[in-house]
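Asks: Have a look at this one before I ask anything.
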């Protein structure tokens, strides 16, 4: 046991040691950025000053540890509606209560729920909105116990029950599977069902149009993931000794999928600083402040997801169990279903989310719809101009059509 614990603490400890080793260099870079970049500094007018300041700024951003961003939604009060060991239910309170209640189930896949800020901002105009705000597993004491995929399903069931009736549920990416599982179990038991389910870019059936993410999970055995990507949280955090899939490994995976794009983005950022294009530089900062902010996932949940969703394809095969209870999507009858995919999605391939229709075969065809957003990648499904102009109107109109 000691040997196992030691092995699985090495990588995380090396990651922490690397950050500490960079601190003196970061201090010098911060000094350099200030002295060579501040307009009132006597050194700011040398011929190479702007290059030195830009280089220092880029170094600081690349080596930064990014904390969870703020929601930054003016005029909206953020309140904690409920809290569990690994997740909070956040309610966005507005001056006037909206008629349509929406629960947004954010992905537990490495990024914070604030990645869906654009989704929430759009919905707030006409809806009362709640969101699942997952907690960084390294901040959760070991005494809180493990967190499995079944616990995720339980969270969703509890909060659908709490917010029902007259509730609409939106799941983005990874949670499409546990959300469909939760609603299916509730339907089979005769419990409250949401008025509609909107499922966006998720791996309902990961066999369809497999992406690099799917292929990795299929090539490697379950034991490989347990041995190579699961770490123990180091002593400096409240979750000391908790087994996690570290956020920095997930972030590395995100970057490795499109390395050229990220290198080019940072090179462009450097050039924006060189020519004094503050607006473009600030847009880069806003995106990467969010993109680089990652959290650790509970090991049990991560490994359950790899096995159930990406290796066994248990849900589309009709073999998914939650606490010994079979998940039966065909039991869902009352909820309307909208599935949305991005034409260029390189994380959840085309057809993976649409597969929910074949599973929910007892929802009348007239109450089901599918939309493929043209020219849209994974993040464009829920954020950015394409989300606001192309995807959101479909979501808004679908919710409005089934609000009674």
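Asks: Is it the case that residue 225 is surrounded by 15 or more Cβ atoms within 10 Å (Cβ to Cβ) and in contact with a helix residue (DSSP H, G or I) (Cβ under 6 Å, 6 or more places away or on another chain)?
Replies: yes
Residues are listed down the side, and each one gets a yes or a no for (1) in contact with a strand residue (DSSP E or B) (Cβ under 7 Å, 6 or more places away or on another chain); (2) outside the structural domain of residue 53 (by TED's automatic domain parsing); (3) in a helix (DSSP H, G or I); (4) closer than 30 Å to residue 141 by Cα:
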site: 241; (1), (2), (3), (4): yes, yes, no, yes
site: 254; (1), (2), (3), (4): no, yes, yes, yes
site: 261; (1), (2), (3), (4): no, yes, yes, no
site: 264; (1), (2), (3), (4): no, yes, yes, no
site: 268; (1), (2), (3), (4): no, yes, yes, no
site: 273; (1), (2), (3), (4): no, yes, yes, no
site: 283; (1), (2), (3), (4): no, yes, yes, no
site: 290; (1), (2), (3), (4): no, yes, yes, yes
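Asks: Let me ask another. From the set of residues in region 71-104 that are under 24 Å from residue 385 (Cβ atoms) and within 15 Å of the chain's Cα centre (by Cα), which is surrounded by the fewest Cβ atoms within 10 Å (Cβ to Cβ)?
Replies: Top of the filtered list is 71.
Asks: A further question follows. So residue 366 clears everything in (1) modelled with pLDDT of 95 or more; (2) surrounded by 15 or more Cβ atoms within 10 Å (Cβ to Cβ) except one condition, right? Which one?
Replies: For residue 366, the exception is condition (2).
Rundown of residues vs (1) surrounded by 14 or more Cβ atoms within 10 Å (Cβ to Cβ); (2) at pLDDT 90 or above; (3) within 21 Å of the chain's Cα centre (by Cα), yes/no style:
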{"site": "229", "(1), (2), (3)": "yes, yes, yes"}
{"site": "234", "(1), (2), (3)": "yes, yes, no"}
{"site": "244", "(1), (2), (3)": "yes, yes, yes"}
{"site": "256", "(1), (2), (3)": "no, no, yes"}
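Asks: Now, a different point. Which residues, taken from region 164-173, are at pLDDT 95 or above and surrounded by fewer than 24 Cβ atoms within 10 Å (Cβ to Cβ)? Can you show your working first?
Replies: Step one: list which residues in region 164-173 are at pLDDT 95 or above, which gives 167-173.
Listed by number, the list holds a single entry, 167.
Asks: Could you please find all residues in region 108-124 being surrounded by 21 or more Cβ atoms within 10 Å (Cβ to Cβ), touching a strand residue (DSSP E or B) at 6+ places or on another chain (Cβ under 8 Å) and not in a strand (DSSP E or B)?
Replies: The answer is 108, 109, 110, 112, 113, 116, 119, 120, 123.
Asks: Filter region 322-363 down to the residues that are touching a strand residue (DSSP E or B) at 6+ places or on another chain (Cβ under 6 Å) and over 20 Å from residue 184 (Cβ atoms), then identify the one that is surrounded by the most Cβ atoms within 10 Å (Cβ to Cβ).
Replies: We begin by selecting, within region 322-363, every residue touching a strand residue (DSSP E or B) at 6+ places or on another chain (Cβ under 6 Å); these are 335-343, 350, 353-354, 356-357, 360, 363.
So of that shortlist, the ones also over 20 Å from residue 184 (Cβ atoms) come out as 341-343, 350.
Working: 341: 25, 342: 28, 343: 12, 350: 15.
So, considering only residues that are touching a strand residue (DSSP E or B) at 6+ places or on another chain (Cβ under 6 Å) and over 20 Å from residue 184 (Cβ atoms), the one surrounded by the most Cβ atoms within 10 Å (Cβ to Cβ) is 342.
Asks: Next question. Take the residues in region 357-403 that are closer than 16 Å to residue 172 by Cβ and assigned to a loop (DSSP other than H, G, I, E, B), then tell me which one is farthest from the chain's Cα centre (by Cα).
Replies: If we take residues in region 357-403 being closer than 16 Å to residue 172 by Cβ and assigned to a loop (DSSP other than H, G, I, E, B), then 376 is farthest from the chain's Cα centre (by Cα).
Asks: Just to verify a result, which residue in region 134-147, among those that are crowded, with 19+ Cβ neighbours inside 10 Å and outside any helix (DSSP H, G or I), is nearest to the chain's Cα centre (by Cα)?
Replies: Here is the first cut: in region 134-147, the residues crowded, with 19+ Cβ neighbours inside 10 Å are 134-138, 140, 147.
Keeping just the survivors that are outside any helix (DSSP H, G or I) gives 134-136, 140, 147.
Values: 134: 9, 135: 12, 136: 12, 140: 18, 147: 17 Å.
The residue in question is 134.
Asks: Are there any pairs with C-beta distances below 6 angstrom linking a residue in region 309-338 that is without any contact (Cβ under 8 Å) to a residue 40 or more places away in the chain to a residue that is crowded, with 21+ Cβ neighbours inside 10 Å and assigned to a loop (DSSP other than H, G, I, E, B), with the two at least 6 apart or on different chains, and if so which?
Replies: 314/320
Asks: Based on this model, can you work out whether residue 247 counts as outside the structural domain of residue 182 (by TED's automatic domain parsing) and in contact with a helix residue (DSSP H, G or I) (Cβ under 6 Å, 6 or more places away or on another chain)? Don't jump to the end; show me each part of the working.
Replies: Details: outside the structural domain of residue 182 (by TED's automatic domain parsing): yes; in contact with a helix residue (DSSP H, G or I) (Cβ under 6 Å, 6 or more places away or on another chain): no.
No; evaluated as a whole, the condition is false for this residue.
Asks: Could you list, ordered by first residue, the pairs with Cβ atoms under 7 Å in which the first is in region 64-75 and within 27 Å of residue 16 (Cα to Cα) and the second is modelled with pLDDT of 95 or more and outside any loop (DSSP other than H, G, I, E, B), at least 6 apart or interchain?
Replies: 68/114; 69/114
Asks: Here is a further query. Collect the residues in region 148-166 that are in a loop (DSSP other than H, G, I, E, B) and free of Cβ contacts under 8 Å to residues at least 40 places away in the same chain, keeping them in residue-number order. Break it down stepwise before answering.
Replies: Let us first name the residues in region 148-166 that are in a loop (DSSP other than H, G, I, E, B), namely 148, 164-166.
Matches in region 148-166: 164, 165.
Asks: Is it the case, given these coordinates, that residue 86 is in contact with a strand residue (DSSP E or B) (Cβ under 9 Å, 6 or more places away or on another chain) and assigned by TED's automatic domain parsing to the domain that holds residue 163? Show your work before the answer.
Replies: Numbers: in contact with a strand residue (DSSP E or B) (Cβ under 9 Å, 6 or more places away or on another chain): yes; assigned by TED's automatic domain parsing to the domain that holds residue 163: yes.
When the stated conditions are applied, residue 86 passes them.
The values are calculated or read from the model by the stated rules, or taken from the named source; none is laboratory data. The structure displayed is predicted, hence computed values, not measured ones. Using ideal geometry, Cβ is built from the backbone for each residue, glycine included, and neighbour counts are taken over all protein chains shown.
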